[in-house]
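Only the coordinates and a few stated rules stand behind these numbers; no lab work does. Every value quoted in this text rests on a predicted model; they were computed, and no experiment measured them. Cβ sites come from the backbone with ideal geometry, for glycine too, and all protein chains shown count toward neighbours.
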Amino acid sequence: MCGIVGYIGDRGATPLLLDGLKRLEYRGYDSAGVAVLNGNGVETRKAAGKISRLEAALNASPVHGNLGIAHTRWATHGAPNECNAHPHVDCKGNIAVVHNGIIENSNALKTHLESLGHKFVSETDTEVIAHLIEEAFDGNLEDAVIEALWQIEGTYGIAVVSSEDSDKIVAARKGSPLLVGLGDGEYFVASDASAILAHTREVVYLDDGDLAVLTRDGYRVIDLRAKTLERSVHKIEWDLHQIERGGFDHFMLKEIFEQPETIENCMRGRLLDEEGTAKLGGLNMTDEELLKFDNVVITACGTSWHSALIGEHMMEELTRIPVEVEYASEFRYRNPIVNDRTLCIVISQSGETADTLAAMREARNRGARTYGVVNVVGSTIPRESQGGIYVHAGPEIGVASTKAFTSQVVALSLLTLKIGRLKDVSVVRGKEIIEALRALPGQVKQILDRAGEIEALAEEFKRAQNFLYLGRGYNFPTALEGALKLKEISYIHAEGYPAAEMKHGPIALIDEMMPVVFIAPHDSVFDKVVSNIQEVKARKGHVIAITSREEPALAGKLDYEFRIPETIDMLTPVLACIPLQLLAYYIAVKRGSNVDQPRNLAKSVTVE
Ligand code: M6R
């Protein structure tokens with residue numbers, strides 16, 4: 001949600017900043033801007049809309065310099081226009097600030113600053129930071145930033161430059177991710193490693209309360225009392241090609257097609273075939289500790305919440321521990337029953353989702369043991385949780401989550417297997433689960449090889465105005481996920497429902513205009529789903545069914561059938577979601593939507 005990149009070194013800053021912004025564009029794309037120090041002062045260029053518009057503005061009116069900061073925005077305060085785009089400057093135009101997050105007391109600060117004579121030009125909360133720094137400035141930028149930050153309530157990841165202390169970038173973090181990139185005689189600041197991966201793999205992740213001061217000669221991390229802090233250097237393990245489209249039309253399609261590999265990566269080195277169990281390095285718990293929990297709470301948002309529902313189902317089935325799934329945004333504002341005998345599993349692709357992070361902190365404050373299921377290595381949730389598993393899906397750039405979802409389900413199945421085997425699950429059953437897991441990458445590949453069939457189906461339904469997705473048991477969450485994928489990228493209204501719940505209301509919507517997608521693999525609830533299909537067909541709905549076997553009872557009842565390979569019940573969502581991801585993708589493309597950057601969305605929701 002918004003992206004920051006900054007550079008100080010000997011090279012021209014503008015092309016580096018622009019390149020970084022393009023790589024961050026998936027985080028927010030309402031408007032963008034740069035501020036570069038060129039020896040005469042701070043030069044800013046801004047544009048509403050995509051980075052390409054900023055690029056055009058810079059081509060028309062170039063800025064040169066070896067030091068600068070840049071931002072791509074997902075609007076929270078004020079419309080996404082040029083005036084509200086970052087960087088924001090102080091009254092004299094000497095100080096420029098880019099900011100991710102929300103300043104909660106911005107109104108009060110603005111009133112106070114106006115009473116001191118400061119003039120505001122934008123509707124943003126960020127602008128107060130520039131004026132606060134101006135007010136505090138006495139020749140040293142980091143001192144002024146520190147003084148400003150003491151007055152701010154809310155969340156921030158910021159980068160600041162000033163023409164009056166002109167050989168440095170000051171960055172600071174509270175609640176919004178930020179890292180420092182260490183190059184050869186050059187330094188970067190970024191909200192996300194992908195912005196700087198073309199230049200360095202060595203990064204220092206900032207913690208909340210940290211400030212970084214970057215000069216051409218080095219960097220320092222200090223706290224809000226200017227005390228020097230030690231922060232370790234991490235190496236980014238992924239490659240540039242993983243954040244490029246690699247011949248695919250969209251990141252989303254590339255990421256869908258990566259799933260045989262990403263699922264394999266999630267399991268790699270974690271399956272113990274002989275013992276029929278899983279080995280989880282980041283658990284940080286003994287078997288005895290793992291058996292001590294009375295209950296499990298899983299908290300997440302969006303697609304990660306859907307994988308949580310699947311996790312709930314498999315955990316209760318195999319471990320018999322009561323599991324509750326909570327929207328992170330709800331969990332944090334009620335009085336949840338969580339204590340030191342609760343395992344709190346926190347699922348997040350980005351590891352930075354504000355609500356999920358806050359829910360995890362809340363659970364931990366109440367004594368729960370926190371366990372992160374996260375994709376982005378080094379992000380805040382894994383750094384703050386007490387244990388966890390990286391799902392190893394690699395960078396996910398498409399705003400619609402695809403490969404992270406399947407890897408989350410696989411990761412949850414590994415944890416379930418581990419706990420289940422410590423409890424009542426037999427070695428034979430454990431081995432069956434491992435066999436099914438090992439078959440998944442090949443089965444996903446078989447489905448992907450038939451993507452053309454789904455593309456043809458998309459052509460038929462691309463003008464639909466509504467869709468219903470129905471499933472039961474393990475595939476009720478798959479129905480929710482299929483509907484979410486479709487609505488977020490094609491803007492078609494879609495609902496996911498438990499198939500049997502349909503008759504308690506949504507059945508009223510069914511007529512010859514309503515496509516209904518049934519997720520109906522041959523699992524323990526298949527016969528029940530067959531009845532639900534008949535109910536829809538009797539009302540002239542168009543039935544699209546994801547099945548796994550020929551079923552005489554369905555003869556003549558399906559308008560369209562796509563068969564997926566068979567697997568054990570708990571893994572059916574991993575296979576069933578693939579045609580649904582493809583369906584959403586192809587419909588969206590055929591409707592002319594911007595699949596990787598759907599309207600109003602951003603990849604990582606780091607505001608409440
Ligand atoms: O990074 P997270 O997994 O915490 O993100 C949670 C949701 O914001 C995310 O899944 C969102 O719903 C996606 N756009 C779904 O495709």
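Couple of notes before you dig in:
- In the chain, a dipole from Cβ-located charges (positive for Lys and Arg, negative for Asp and Glu) runs towards its positive end, and of L206, P579, N66 it is P579 whose Cα lies farthest in that direction.
- On Cα atoms only, tilt of 451-461 relative to the major axis of the chain in degrees: 90 degrees
- The range 245-446: C-alpha gyration tensor shape, a/c 1.5 cut-off, then a/b vs b/c: oblate
- Amide H contacts of C2: G28, W74, each under 5 Å away and 5 or more positions distant or on a separate chain (H built 1.01 Å from N in the peptide plane; Pro and chain starts excluded).
- Remark: the range 323-334, residue by residue, has Karplus-estimated 3J(HN,Hα) of 10, 10, 10, 10, 4, 4, 5, 8, 3, 5, 10, 10 Hz, where x stands for each Gly or Pro and the curve is 6.51 cos²θ - 1.76 cosθ + 1.60 at θ = phi - 60°.
- Against the main long axis of the alpha-carbon atoms of the chain, helix 476-490 sits at an angle near 50°.
- Protection-proxy order for peptides 159-165, 31-37, each taking the mean of Cβ atoms within 10 Å per residue, highest first: 31-37, 159-165
- Comparing Cα centroids, the range 482-505 and the range 231-294 end up 29 angstrom apart.
- Normalised by the number of residues in the chain, the mean separation of alpha-carbon contacts (under 8 Å, six or more apart) gives a relative contact order of 12 percent.
- Amide H contacts of T277 (H built 1.01 Å from N, under 5 Å, at least 5 apart or other chain): L272
- Total charge dipole magnitude, the range 482-608, about the Cα centre, Cβ charges on Lys, Arg, Asp, Glu only, Debye to nearest 20: 400 debye
- Rounded Å value of the spacing that divides the Cα centres of the range 102-154 and the range 418-454: 54 Å
- Using θ = phi - 60° and Karplus 6.51 cos²θ - 1.76 cosθ + 1.60, couplings along the range 566-582 (whole Hz; Gly, Pro as x): 8, 8, 6, 3, 5, 9, 4, x, 4, 7, 5, 6, 5, x, 6, 4, 5
- Across the range 451-590, the mean sequence separation of Cα contacts (distance under 8 Å, 6 or more residues apart), normalised by length, yields a relative contact order of 31 percent.
- q = 0.06, 0.09, 0.12 Å⁻¹, the chain: log10 I(q)/I(0) [Debye, one scatterer per Cα]: -0.33, -0.73, -1.17
- Karplus (6.51, -1.76, 1.60) ³J(HN,Hα), θ = phi - 60°, over the range 395-400, in Hz, Gly and Pro reported as x: x, 10, 9, x, 4, 6
- Separation in nanometres of the label points that stand 7 Å from Cα toward Cβ, at E608 and T228: 3.7 nm
- Between the residues L179, L149, S162, the greatest Cα displacement towards the positive end of the dipole of the range 131-208, with unit charges on the Cβ of Lys, Arg, Asp and Glu, is found for L179.
- Kirkwood-Stokes translational diffusion coefficient of the range 3-236, alpha-carbon pairs, 20 °C, 1.002 mPa s, µm²/s: 126 µm²/s
- Among H493, F461, I51 - extreme Cα towards positive end, dipole of the chain, charges at beta-carbon: F461
- Whether the range 419-477 is rounded, prolate or oblate, judged on the alpha carbon gyration tensor where a/c under 1.5 counts as rounded: oblate
- Helix 106-115 axis, angle to the chain major axis (alpha carbon atoms, nearest 10°): 20 degrees
- Expressed to the nearest 5 percent, the antiparallel share of DSSP beta bridges inside the chain is 60 percent.
- Gyration tensor verdict on the range 451-590 (Cα atoms; rounded if a/c is under 1.5, prolate if a/b is larger than b/c, oblate otherwise): rounded
- Protection proxy ranking of 527-533, 76-82, 299-305 - average other beta-carbon atoms within 10 Å, highest first: 299-305, 527-533, 76-82
- Net charge dipole size for the chain [Lys, Arg +1 and Asp, Glu -1 on Cβ; Debye, nearest 20]: 840 debye
- Relative contact order of the range 245-446, pairs being alpha-carbon contacts under 8 Å that are 6 or more residues apart, as %: 31 percent
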